[in-house]
Amino acid sequence: MQSLFAAAIAYSLMQAIDATNVTWAVFASLFALQANVDRTLRVGVGQIVGAVGGSAVGVATLALFPTDGDTLSRLGLATFATSLASIFYPSTNYSIVVAAAVALEPSTGLTGALSRAIAIGLGSAVGIGVSIIVWPRFARSRAFDLMADLVDDCRDLLSTLSLQSSAVDGKSTDSIHARFLRRLIDARLSSGDARVRPHLKQGPTLYAVLDALETLWHGLVLLDRVMRSQRDALPERETLTPATNAILERADGYLQQVAAYLRGDTALPEGMGSTQPIGDACAALAKHIDAAHGAGHPHRSAEIHALSTLLFAFEQVSANLRKLATLLDQRE
């Protein structure tokens with residue numbers, strides 16, 4: 001829908017101003033439109049700068065190689081100069097097309113180059129304006145939605161963890177892992193695009209929150225692997241289950257609140273106290289394991305090792321949740 005509005009507005013404006021460059025204006029308005037407002041601003045401004053720079057380079061080649069037989073020389077110099085500039089300023093690579101157009105049409109001269117640059121600038125401005133006014137989509141909002149989806153993936157992985165299940169569906173957890181990684185890449189791209197408030201309210205950057213979520217994910221993957229590999233070696237699983245389930249349920253409840261906050265549905269609980277129940281549950285599990293250590297025998301070393309490994313994995317998840325909570329608590 002944005003493309004329709006941008007093309008129609010650019011066409012109408014150019015018909016009233018300079019009908020000879022309608023195509024350039026319409027193409028510029030469409031090329032400027034991107035997946036979000038932030039990227040559209042970057043691309044649109046780059047096109048405007050590129051149009052000016054490319055026109056200047058093209059006109060310069062006309063002065064250096066004025067005859068019709070010099071077309072190839074003009075084209076080569078124009079594309080080389082603008083391509084070299086675009087290496088250092090990638091957003092202005094539209095200058096390559098503009099400079100080549102000037103070099104290939106020497107008859108239009110300075111007047112033609114100027115009118116073409118104006119058409120491109122106008123089309124780019126139309127694209128930026130439409131992106132802001134017609135169903136705007138900011139990179140920050142997209143990043144927040146993706147971060148909420150990442151939190152949901154963490155909750156999905158939590159739901160698969162159990163000491164009682166003897167057969168864990170590896171394909172299920174692998175699919176969750178693959179989905180998390182895809183969303184993480186998309187979230188980083190959206191965060192990179194963000195130019196309008198690329199952070200939480202007076203708090204951490206989007207990248208910092210993504211790093212915390214990725215660290216949490218690694219902790220959950222570690223816990224998943226430990227519970228799979230050590231399940232059979234754990235003694236008295238029925239006794240351990242209430243403590244481990246308490247940690248998983250409280251972690252899930254906290255992450256549910258985080259996802260709702262990121263989507264703008266609710267406010268996040270204030271202070272580090274929001275993750276305290278998770279730490280308390282880990283402490284209860286530690287006491288249980290200490291008791292097993294005290295009653296341990298040399299021939300039960302494998303069981304004690306399994307218990308220690310399980311506690312380490314849970315403590316890593318707890319620490320990662322505290323890190324996430326600390327970042328989020330920096331907001332206003």
Theoretical gain in end-to-end length, residue 19 to residue 308 [0.36 nm per residue, Cα-Cα removed] | 96.4 nm
Neighbours of residue 104 by Cβ distance under 15 Å: Lys/Arg at +1, Asp/Glu at -1, summed charge -1
Roughly speaking, what is the centre-to-centre gap between the stretch 96-143 and the stretch 311-328 when only Cα atoms are used, to the nearest Å?
-> 48
In the chain, how does Rg compare with the Kirkwood Rh, expressed as the Rg/Rh ratio over alpha carbon atoms?
-> 1.23
Output ordering of 28-39, 174-185 (per-residue mean of other Cβ within 10 Å, highest first) is 28-39, 174-185
Value of [θ]222 nm, deg cm²/dmol, for the chain, DSSP H segments ≥ 4, -39500 (n - 2.57) each, nearest 500 | -26500 deg cm²/dmol
Total formal charge among the other residues, if their Cβ is under 14 angstrom from that of residue 28, Lys/Arg +1 and Asp/Glu -1 = 0
Just how large is the dipole of the stretch 2-133 about the Cα centre, in debye to the nearest 20, putting +1 at every Lys and Arg Cβ and -1 at every Asp and Glu Cβ?
-> 260
Checking rank on 83-94, 316-327, with mean other Cβ inside 10 Å and highest first, the result is 316-327, 83-94
With Cα atoms, 0 to 90° folded angle of helix 2-17 axis to the chain main axis = 20
Taking only Cα atoms, what is the 0 to 90° angle, nearest 10, from helix 170-193's long axis to the longest principal axis of the chain?
-> 40
Hey, rough spin-label estimate for residue 84 and residue 286, points 7 angstrom out along Cα→Cβ, what's it come to in nanometres?
-> 6.4
For the chain, longest principal axis from Cα atoms; helix 237-262 axis from its Cα atoms; angle between them, nearest 10 degrees, is 30
Please tell me the relative contact order of the chain in percent, rounded to the nearest whole number, where contacts are Cα pairs under 8 Å and at least six residues apart.
-> 18
Rank by packing, highest mean first: peptides 41-48, 9-16, with packing defined as the count of other Cβ atoms within 10 Å averaged across residues.
-> 41-48, 9-16
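Every number here is computed from the coordinates shown, using simple stated rules; none is lab data. None of the values given here were measured: they were computed from a predicted structure. For neighbour counting, all protein chains shown are included, and Cβ atoms are generated from backbone atoms with ideal geometry for every residue, glycine included.
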